Structures are given as C-alpha cells and as structure tokens.
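In what follows, a single structure is set out as structure tokens and then discussed.
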Amino acid sequence: QKRGETKHSTKERVFSESAEYYHSHMLDNGGKEYFISLRGHDEAVLRKMRVGWTDGGLIEHLKGRGFSEAEVKASGLAKERKTDKGTFLTDYFIKGIAIFPHISGDRVLHFTIKDPAKKFKYQLLEKARIKDWRFYNQGALDKYGEIILVEGENDLLSLLDNWVNNVI
C-alpha cells in the first residue's frame, strides 16, 4: 500500500472491479440505444458517472481477476442457483439492464438498476451496500451549498447533461 492510499475491503475491491466491468459494456447489447438514443444522455456524462450495462458475465470476469466464488457471493453481486446438475453462482443482476454505481471518492458504495423493459424492479439488497452509502452522486453534498433532489438516476443524469452538478 502506497503512502496516502486508503485500504479497501475485499467487498469494496469487488464493487470497484464490477463497476469497471459494467462500465466497459455501457454501449453494448442495447446500452447505447437505451442511454443515448432513448434517454438522450451525453456520453461524456455517462463516462464520468461510470454508468454501465449488464451482460451476465460478471462472475466469470471477477473470478478471472482473482476473486474467489466466496468473495463474489459475499459482495451480494452473485446468488446461488440450484439445478439438477448442482449449485452454481449466477450474476445477481440479469443481462440487459442499466446499472448505476454509486461512487464516493474512489469507492463504489452501492449499485442501482433500471430495466428498460420495465419487467424487473429489484435492487441490490440493503445488506450488500457499503455502510456509508446515502445517495447517487452523494459527493455533491460535500461540494455545494444548495442541492437539487431528483427522483431517479436518469433524472440526475439529465441534469448533469445540462451542466447542473449540484444534484442528488
């Protein structure tokens, strides 16, 4: 650990790697159509907020990056699925949904999702969140004296698209 660096827990490292993985798929498999064509977001804002897209391959990616199945499962980003062939891990979030990492400083604290098909409305379990998570874009609370409160992630991104940064 270098001077000035903070030590992150295994869960925080899994969250950070997961956010980067999802973000690398932001414009794949329907992501570009949803974020840019349908929602009208600016790609630079999507990159700044590290917005992502799920593809069902997170667990294999994390295992390839050196995380054990137990660490991945403990993060809350995987769940066990039992079949007649045995028990295996599967991604907690289904393929083909928008995913929003909630970032504070250099830490990913939580993930929320939006299903463009509006079939799935579940979120990451409360027990999986990093304890000091509060809001999407919560860093704005430390930067601005006045805050605009919006309902959802796309509302927040729409304000960021228009250079309004004091929003949670």
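The values are calculated or read from the model by the stated rules, or taken from the named source; none is laboratory data. Every value quoted in this text rests on a predicted model; they were computed, and no experiment measured them. Don't worry about glycine lacking a Cβ; one is built from the backbone with ideal geometry, like all the others, and counts go over all protein chains shown. In case anyone asks, the SASA skips ligands and DNA or RNA and just uses the protein heavy atoms, side chains included. Shrake-Rupley method; radii C 1.70, N 1.55, O 1.52, S 1.80 Å.
The sum of -39500 (n - 2.57) across all DSSP H runs of n ≥ 4, divided by the residue count of the chain, sets its helix-only mean residue ellipticity at 222 nm to -7500 deg cm²/dmol. For the chain, the alpha-carbon coordinates run over 53, 44, 25 Å along the three principal axes, in decreasing order. Apolar share of the accessible surface for the chain: 48 percent from carbon plus sulfur atoms, 1.4 Å probe. Working note: Karplus 6.51/-1.76/1.60 with θ = phi - 60° gives the range 50-65 the couplings 6, 4, x, 9, 7, 9, x, x, 4, 4, 4, 4, 4, 4, x, 8 Hz, where Gly and Pro are set to x.
For the range 94-168, the number of Lys pairs separated by eight or more positions or lying on different chains, with C-alpha atoms closer than 18 Å, is 4.
Coupling constants for the range 86-96 follow from the phi torsions by the Karplus curve (6.51 cos²θ - 1.76 cosθ + 1.60, θ = phi - 60°), and in residue order they are x, 10, 9, 8, 9, 4, 5, 9, 5, 5, x Hz; glycine and proline get x. Scanning the chain for GluC sites (Glu not before Pro) lying in DSSP loops with no more than 15 further Cβ atoms inside 10 Å, the longest uninterrupted stretch between such sites is 6-145. Taking Lys and Arg as +1 and Asp and Glu as -1, the other residues whose beta-carbon sits under 14 Å from that of Asn162 total -1. Among the trypsin sites (Lys or Arg not before Pro) found in the range 73-163, those both in a DSSP coil and sparsely packed, with 14 or fewer other Cβ atoms within 10 Å of their Cβ, are Lys85, Lys95, Lys118, Lys119, Lys121, Lys131, Arg134.
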